[in-house]
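One structure is given below, encoded as structure tokens.
Derivation of every value follows stated rules applied to the coordinates shown; laboratory data play no part. Predicted, not measured: the structure shown is a model, and the values here were computed from it. Positions of Cβ are generated from backbone atoms using ideal geometry, with glycine treated the same way; all protein chains shown enter the neighbour counts.
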Amino acid sequence: MKYFVFLFVALAAQPCNQKGKSTPAIYTYSELKIRLVDSLGVVDFCDKDYFPVGRPGVEEASAKKYFDTIHPNSEELHAIAEGMVIKDKTNLSDDEKLTIYRQHKALAAIVMDTLPFKYTFKINTKTPKGEEWQYEGQITPTGQISVASKKPFKLNCPICLPYNALIETPKGNIEVKDLKAGDPVFTADVYGHRMITTILTTGQTPVPPDHKMIHIKLNDGREFTASFKHPLANGVMLSQLKMGEAVQGSTIIKLDTICYSYGYTYDILPNGTTGCYYINGILIGSTLSTNSLALAPKNF
């Protein structure tokens, strides 16, 4: 994960009108996003070039593709470039293109919707000390920011399941790729009691053709496959597990690394206090949860 600090250069004030009063500057959509970053902090987001797995040269290739498709006079490109000291904006270097592309990714992670005479926004930030905050509020076209809420936030990048992972539901086992928000699914409360709920949201993440997963088998016959950083219900990542370790009333007898070339991994987030769900009788955490499994079932 990379985080980037944006330098924002405010537009000069409009010339004075006939009454001697200055006209407030009107900012473009991307300039307003940059103003939010400048005021509230560095954007905290799941960088698609580094999650679920980073590889050398991927970000540079993505930057080249971005500049191959974007219009040279695009509003966003102009807004980002205005905050950079660039001698020749018509002939950008590879380093300048990479810096602009990185800022483009972070701006894309800011949610901003249009209302009459203003915008609503949601931005996730991270401080130099590692504190994560989520801000919601409004911003006017003149750049006036009104924060409605500021709350602790935990970034969880979807690092997920194979397409054919069988999720336990009241309708039987269903492949994770076929599930959608609103579908019924089994979850557990903070005491580990099994219960029926519905899916709040689903996630789908592109992965490279050489993506690695881990296959785990327990001595009671239960087994499943997921990415290395996917958590169990207690928040422990699969990469942290060891042979012979106790897991949910059983012990691990097999840990194999396998290649996964389907192209996408998947995850779901059930409604409830834990966000957990079952695969082959094993209670799994969700990478889409904002609770960071703080309420994971006890004794799991």
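Under the definition of Cα pairs under 8 Å and six or more residues apart, what whole-number percent is the relative contact order of the chain? Worked out over the chain, it gives 16 percent. Counting 0.36 nm for each residue step from residue 78 to residue 23 and taking away their Cα separation leaves a gain of 17.6 nm. GNM on the chain, alpha-carbon springs under 10 angstrom: the most fluctuating residue among 165, 148, 81 is 148. When the listed pairs 48/122; 48/151; 48/150 are checked against a 21 Å cut-off, the alpha-carbon distance exceeds it for 48/151; 48/150. Put in line by how crowded their Cβ is, counting other Cβ atoms within 10 Å and starting with the fewest, 200, 32 read 200, 32. For 70, 110, the sequence from fewest to most other C-beta atoms within 10 Å is 70, 110.
Max-minus-min Cα coordinates of the chain on each principal axis give 82, 39, 35 Å, with the largest extent listed first. Count Lys and Arg as plus one, Asp and Glu as minus one, and take only other residues whose Cβ is under 13 Å from that of residue 231; the net charge is then +1.
Pairs from the list 65/129; 118/177; 129/180; 65/126; 105/254; 64/180 with a Cα-Cα gap above 31 Å: 65/129; 118/177; 129/180; 105/254; 64/180.
Could you check how many percent of all C-alpha pairs in region 59-170 are farther apart than 25 Å?
When every Cα pair of region 59-170 is considered, 46 percent fall beyond 25 Å.
Find the Cα radius of gyration of region 166-284, compare it with 2.2 N^0.38 Å by division, and give the number to two decimals.
So the Cα radius of gyration is 1.04 times the expected 2.2 N^0.38 Å.
Counting Lys +1, Arg +1, Asp -1, Glu -1, what net charge surrounds residue 217 among other residues with beta carbon under 13 Å of its beta carbon?
So the surrounding residues net to -2.
Dipole of the chain computed with +1 at Lys/Arg Cβ and -1 at Asp/Glu Cβ about the Cα centre; of 43, 66, 204, farthest Cα towards the positive end is 43.
Taking the Cα centre of region 29-152 as the origin, how large is its charge dipole in debye, to the nearest 20, when only Lys and Arg (+1) and Asp and Glu (-1) carry charge on their Cβ atoms?
Computed charge dipole of region 29-152: roughly 300 debye.
Cβ-to-Cβ counts within 10 Å put 194, 102, 222 in ascending order as 194, 222, 102, the fewest first. Rounded to the nearest 500, what is the chain's calculated 222 nm mean residue ellipticity when only DSSP H runs of at least 4 contribute -39500 (n - 2.57) each, over all residues? One gets -5000 deg cm²/dmol as the mean residue ellipticity at 222 nm.
Charging the Cβ of each Asp and Glu at -1 and of each Lys and Arg at +1, and nothing else, the dipole of the chain about its Cα centre rounds to 520 debye. Within straight-line reach of residue 217, meaning a Cα separation under 15 Å, sit the following aspartates and glutamates at least 8 residues removed in sequence or on another chain: 245, 256. With unit charges on the beta carbon (Lys/Arg positive, Asp/Glu negative), name the residue among 114, 226, 264 whose Cα is farthest towards the positive pole of the charge dipole of the chain. It is 114.
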